[in-house]
Amino acid sequence: MKRAVSSVFVIFTLGIIAGAIFYYNFGNSNGDPKSFNDTLLVDNAFASEQREQRNDDLYKSRQNSITTAVEKLSPAVVGINVMQVRELRRKSPFSTRDPFLREFFPEFFQDQRYRQEIQALGSGFIISSDGYILTNEHVVENATEVIVTMTDGSKEKAEIVGTDPTSDVALLKIARNNLVYVVMGNANEIILGEWAIAIGNPFGLFEINNRATVTVGVISALNRDFGEIKGRVYQDMIQTDASINHGNSGGPLCNSLGEVIGMNAFIYSEKENEGSVGIGFAIPINRVTRLIDDLKKYHTIDRDFWIGIRVKSIDQAISQKLGYTKNGGVMVSYIDRKSPSEKAGIKLGDIIIQIGNETIFSDEDVTAAIYEEDYRVNDMMAVKVWRDGKVIDLNILLESIRKN
């Protein structure tokens, strides 16, 4: 009996407490339902605030270093349309093995050469507020007219200030001021595997809405040397898997800080005219920027110098004869009289072991080192030679070949 009374008392007490709570929350203010509605409004406002916070967090998660870099650089990227004159060849429709006909009617059997004006596409980037623009030399080669499309939709006729076919770099100028321009980075500080952003005008898509195309990848490799390709020398190239296609040439390759670290130049493909297969190459921006002043002043880069020596690889017989026990190097086998090399103190039998910062192992390395160091007329070329058991430092003044 006592247990039943206790249970009833507990239930009664809990009921009183629940009723008091209900009255406190919803039944005060003389039974006015406004208090209940106020509670609902507070809850709805809190939920709305939470949704806005989630949306804000989501938006911030989409904003990253890449989007910031693109926003920073895109206004300084331009599309380039070029009218070029190219020399083409048309095969003769006639063929014969008769030497008589070929001798007396050669015009019928020779291939015909003719010049044709065609349109080419490329990209570029503004490097100063007064309208200087960088692009590849092969984009504007043999150009009769260069038109630059800006991100504001305007089209400007560009002057070719200077070109350097060897480095595949060209400097353009448009008659505009107060332009947004890029920030130059340092190619020597590139980190393998860091983000790489290619911005440009593939397939002329810039013309649709005056906006550059952005592709993203990583820095895949550094210091790729290709030597000479069609008269152009590509050394220390930056490799990236950021997609580079026809029309991207001359555009900037950037890092996630929004700095230009290279100039997009070409892609790797097994067949000519094949599209991107995910391997593109850019010229390190340091190699580009050191040309700008000379292109402005002289409109070209003067590399027509001479050295005045011939070299040959070292075999075992030469090594034994000279007492040379080191690996690598090339032997000087001929010196022109009054040449820069003779004036610098080079002697027959000297073994060249270093040019600039490049170690020499073969005669091919000599040419590669000259390209690598980007020597020009009137530069001093530092050379280390081995002579009679000693290493000697010499400096060759690179004289213009036109003086001789």
Region 331-342 - phi-based ³J(HN,Hα) in whole Hz, Karplus 6.51/-1.76/1.60, Gly and Pro as x: 9, 6, 9, 7, 9, 6, 5, 6, 7, x, 5, 5
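Beyond a 32 Å Cα-Cα separation, which of these cross-linked pairs lie in this structure: Lys297/Lys338; Lys230/Lys390; Lys72/Lys230? It would help to have the intermediate numbers written out before the result.
Details: Lys297/Lys338 30 Å; Lys230/Lys390 40 Å; Lys72/Lys230 35 Å.
Pairs exceeding the cut-off: Lys230/Lys390; Lys72/Lys230.
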Could you tell me how far the Cα centroid of region 341-400 sits from the Cα centroid of region 228-260, in Å? 30 Å
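Let a ≥ b ≥ c be the square roots of the eigenvalues of the Cα gyration tensor of region 305-403; is it rounded (a/c under 1.5), or, if not, prolate (a/b larger than b/c) or oblate?
Numbers: a/c = 1.96, a/b = 1.57, b/c = 1.25.
It is prolate, given that a/c is not under 1.5 and a/b is the larger ratio.
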With θ set to phi - 60°, apply the Karplus curve 6.51 cos²θ - 1.76 cosθ + 1.60 along region 259-264 and write out the HN-Hα couplings as whole Hz, x wherever there is a Gly or Pro. 9, 7, 10, x, 10, 4
Interchain or long-range residues, amide H under 5 Å from Ala196's placed H: Gly217, Val218, Ile219
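Please arrange Ile401, Ile244, Ile126, Ile353 by counting, for each residue, the other beta carbons lying within 10 Å of its beta carbon, fewest first. Numbers along the way, then the final one.
Values: Ile401 14, Ile244 28, Ile126 25, Ile353 19.
Listing Ile401, Ile244, Ile126, Ile353 from fewest to most nearby Cβ atoms yields Ile401, Ile353, Ile126, Ile244.
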Taking max minus min of the Cα coordinates of region 297-357 on each principal axis, largest first, gives extents in Å of 50, 26, 15
Calculate I(q)/I(0) for region 199-335 by the Debye formula, one identical point scatterer on each C-alpha and no solvent, and give its log10 at q = 0.14 Å⁻¹ to two decimals. -0.81
Rounded to whole Hz, the Karplus (6.51, -1.76, 1.60) HN-Hα couplings of region 122-133, x for glycine and proline: x, 10, x, 9, 6, 10, 8, 5, 9, x, 7, 9
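The numbers here are math on the coordinates, done by the rules we state, and not lab data. These figures come from a predicted structure and were not determined experimentally. Positions of Cβ are backbone-derived with ideal geometry, glycine not excepted, and every protein chain shown enters the neighbour counts.
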